[in-house]
Structure formats: C-alpha cells, structure tokens
Amino acid sequence: MIGMRLVQWLFTAAEMCGVFYIFLMFFERRSEKMWNSVLLGIMIVVLSGLTVWQREDTAMYSRYFMLACILAVTVAALAFFRTGFWKGLLATALYFETVYFLDVLSGYLGQLATGDEDFVAVIQKVLNPERLFVMTVSRLLVLGAVLAAVHYKGIVRNIFVRYKLVVAVFVLLEHIGLLYCDQVFYSSVVKKRRIDIYFVFFPLLILFVLILTIVFILYMEKKNELENFSIRNEMAEKSYQEMIMLYQQRDRIYHDMKNHIAVLSALMEDADPEPARQYISKIQKPIRELEQKRYTASRIVNIIMNDKVRRAEAAGISLHVKALEVGRNAVEDMDWCTILANLLDNAIEACEKVPEEERRIDFYLVQKDSIIILKISNPYSRGIQAEGDRLRSRKRNKALHGIGLESVRNSVEKYNGTFEFSYEGEVFRVSVMLFV
C-alpha cells in the first residue's frame with residue numbers, strides 16, 4: 001500500500017511539474033533570484049500535496065478540484081511568469097482538462113476491457129493497481145503532448161498569440177465533454193447504459209474540432225505568409241528604388257568631383273582662403289546626406305531609423321532620437337521592420353496633419369539586460385478611432401504602410417511583450433516592451 005501511495009505521489013508531482021514546465025518553456029520568469037525559485041518550488045509541493053490528499057481521502061477525480069487547480073496555477077503563473085491572464089488561464093485549463101479527460105476516458109476503456117461495471121467506481125474511491133494503470137496511461141499521453149508542444153514551441157506560441165479565440169473554443173468544448181463523460185462515475189447512469197454515447201460522441205467531436213482547427217490554422221498561416229510575401233516584395237521594390245536613387249546620387253557626386261577639385265585648385269591660388277572654405281562647405285552637404293548614422297548595434301534598426309529620419313526631415317518634422325545599444329540578434333529583422341516601420345510611419349503621418357511648428361517626434365529605444373523598451377510620442381489631430389485597447393487604422397493602403405497595428409501587436413506578443421498606447425491632450429504616446 002505504501003508503494004502504491006508513493007507511485008501516486010510521483011504521478012501527482014509529475015503532473016504539477018508538467019504544467020509549470022510548460023510555463024518555463026513558453027514564458028519568461030519574472031525574477032531569476034533564488035528566493036523566487038524557492039517560492040515556486042514550495043508552490044509546486046503544496047499543490048501536489050493537496051492533490052494527493054484529495055485523491056486519497058476523497059476521490060481520484062473531482063471536477064471542482066480541477067477548477068480549483070486551474071485557478072490556483074493561473075494565479076501562480078501570473079505571479080512567477082511574464083504572461084497575461086487569458087494566456088495563462090487558457091494554457092492551464094487546456095492542460096488540466098486534458099489530464100482529467102484522459103483519466104476519465106482511460107477509466108471507461110478499462111471498464112469496457114474488464115467487463116466490470118464497478119471498475120470506474122472502484123478506482124474512483126480506492127487506491128489500487130487499476131487506478132495506477134489508468135493514471136500511467138493518461139500521464140504518458142500527456143507527457144507526449146507536452147514534449148511535442150515544446151518541440152514545436154514556435155508554432156504553439158504563435159497559435160496562442162494569434163488564435164486565442166480558437167484555443168478558448170477548444171477548451172470550452174473539452175470542458176463540456178468532461179461534464180457529460182464524468183457521469184461514468186455514477187453507477188445509476190452506467191447501469192442504464194446511457195454513458196456509452198458520450199464516450200463515442202465527445203472524443204470524436206473533440207478530434208474533429210482539433211483536425212478542423214489545425215486545417216484552419218494552416219490555412220490562415222498560408223494566407224498570412226502570402227500577404228507577408230507580397231508586403232516583403234513591395235518593401236524590397238521600394239528599397240531597390242531607393243538604392244538606385246542612392247547610387248545615382250553617388251555617381252553624380254563622383255562625376256562632379258573632378259570639376260570640384262579643379263575649382264578648388266583655382267580658388268586655393270587666391271590669397272583669400274574664404275571662398276575656398278565656402279565652396280568646401282557647399283560640396284560637403286550632398287555628401288553628408290548620403291551618410292548612414294549608427295544608432296545601435298542592430299543593422300536593421302539603423303537602416304529603418306535612417307530611412308524614417310530622412311522622411312521626417314523631408315516633411316519638416318523634428319525627430320529627436322535617443323537610442324542606446326540594442327543587441328544585434330535580440331529581435332528578428334522582420335519583427336523590427338513590423339514594429340519600428342509601422343509605428344514611425346504612423347507618427348510621421350500624424351505629424352503631417354498638424355501645423356509645422358508642432359511637428360515633433362520623440363523616439364526612445366534602449367535595452368536593459370533582456371528587456372527592450374521603445375517609446376514614441378508625437379502630436380496628433382484628434383479623430384482617433386479606438387475599440388477597447390485597439391486602434392482602428394484609417395489607412396487606405398495597408399500594404400504600403402506595413403502590415404498594421406495588429407501586426408505590431410502580434411510581433412510584440414511573440415516576445416511575451418506589452419504594447420500600450422495613450423492619447424492625452426494633444427500628444428499620442430506608444431510604449432512597447434519586449435523580453436528577449
């Protein structure tokens with residue numbers, strides 16, 4: 001008996017460690033200090049102990065205890081990991097509902113295999129080898145699912161970022177299935193043979209919805225890929241045209257350089273050097289315009305910033321930049337393009353609609369350890385359309401201006417970051433935080 005209790009304790013501890021392992025793999029810790037790790041370990045031990053107590057003194061399965069575990073782990077996730085409430089809740093609910101649903105399903109299949117109508121009722125109340133067998137089967141399946149999720153971490157994270165509503169529907173459907181299938185623990189229902197239809201209908205329904213969800217996500221990802229490919233082509237074409245213009249400017253400067261040297265030689269023969277100085281100052285101006293200023297260690301950030309600074313100057317906008325060192329590979333180039341290009345384009349367009357004397361953009365970019373902070377503020381001309389925490393774009397051609405604020409939000413969420421905006425008085429402010 002002691003051996004079986006020890007095995008059940010190990011299964012339960014592994015079950016609790018599994019859900020926190022998922023958070024460790026997909027979310028960043030709020031603190032790496034020793035006391036934080038100790039508190040997290042205590043939390044796991046306490047939850048494991050409560051679960052063992054519930055299974056030994058009450059029952060193997062309890063719908064209400066499952067809901068309590070979901071709530072407790074969600075709160076713990078918010079305390080120890082950088083995650084939003086809904087992402088934490090969906091991840092936790094999906095995990096525990098899957099574990100409990102597999103427990104119920106394995107128990108039902110064991111009952112069919114043995115032909116004993118009291119099989120599930122017994123393992124529900126008594127710790128025996130049959131209960132441990134059911135727990136072994138369900139937890140091995142969950143282990144396989146967790147390892148697969150970690151292996152395809154990028155895809156899974158993308159699903160939780162872009163398709164939270166789809167995940168929420170799947171979680172709700174799984175919960176409804178549990179509400180019906182856990183009636184297998186009621187002997188009166190089992191003996192009337194009304195339970196079989198639930199274990200046929202809901203597993204098939206969940207499987208069908210899972211396949212449908214995968215097909216839908218693959219379709220949307222392919223659609224987004226085609227849209228992004230089209231946008232990248234337009235951006236590449238625009239960059240190509242700008243590069244041609246840059247080389248044409250350099251060719252003109254190089255072509256004119258021999259004439260400039262001849263003029264300078266003639267001016268230097270005069271006793272008064274002032275005309276030569278003025279001429280040198282005059283020919284330096286077009287050369288300075290071709291220079292690329294270095295803002296950070298990131299090449300793509302420098303390219304984007306130089307492009308936007310030139311555009312702002314052409315529109316009579318004062319762009320004040322304070323950029324400290326940002327790691328070269330901290331953020332993917334495409335995400336930098338999505339975030340910086342869109343936000344700066346929006347700021348420039350907003351400034352173009354206000355009087356020239358008010359046209360000013362303050363840009364702040366810094367990396368502190370594993371956190372990148374970006375802040376942009378600019379004046380705006382009223383008429384902002386917002387829906388909750390989202391802005392509605394009024395651009396006619398979204399492809400020309402990047403892939404929109406929603407794409408900015410998606411890129412930010414890839415790094416478990418935050419994207420916030422505010423507009424008070426006559427100033428619009430954007431704040432982005434990335435955890436890299």
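Every number in this text was worked out from the coordinates using simple rules, so none of it is lab data. Here the structure is a predicted model, which means the values were calculated and not measured. Glycine also receives a Cβ, built like all others from the backbone with ideal geometry; neighbour counts cover every protein chain displayed.
Worth pointing out:
- Taking Lys and Arg as +1 and Asp and Glu as -1, the other residues whose beta-carbon sits under 11 Å from that of Val427 total -2.
- Shape of the range 63-182, Cα gyration tensor, a/c cut at 1.5: prolate
- Length added when fully stretched, Glu32-Asp362, from 0.36 nm per residue minus Cα-Cα: 115.5 nm
- Residue-count net charge about Phe160 - beta-carbon cut-off 10 Å; Lys, Arg +1, Asp, Glu -1: +3
- Here Arg63 and Met220 are evaluated by their C-beta separation; at R0 = 45 Å the FRET efficiency comes out at 0.85.
- In a fully extended conformation the segment linking Val200 and Glu349 would gain 47.9 nm over its present Cα-Cα distance, using 0.36 nm per residue.
- With K and R counted +1 and D and E -1, the other residues having a Cβ less than 15 Å from that of Asp57 yield a net charge of +3.
- Flagged links, alpha-carbon separation over 31 Å, of Lys87/Lys125; Lys293/Lys353; Lys223/Lys353; Lys33/Lys293; Lys87/Lys353: Lys87/Lys125; Lys223/Lys353; Lys33/Lys293; Lys87/Lys353
- Highest to lowest packing among 336-347, 43-54, scored as the average C-beta count within 10 Å: 336-347, 43-54
- Peptide ranges 87-95, 318-326, 418-426 listed from the most packed, as the mean C-beta count within 10 angstrom indicates: 87-95, 318-326, 418-426
- Simple spin-label estimate for Glu424 and Glu313 in nanometres, 7 Å along Cα-Cβ: 3.4
- R0 of 56 Å, Cβ-Cβ distance Ala266-Asp333: FRET efficiency to nearest 0.05: 0.70
- Taken along the Cα-to-beta-carbon direction at a fixed 7 Å, the label points for Leu207 and Leu127 span 3.5 nm.
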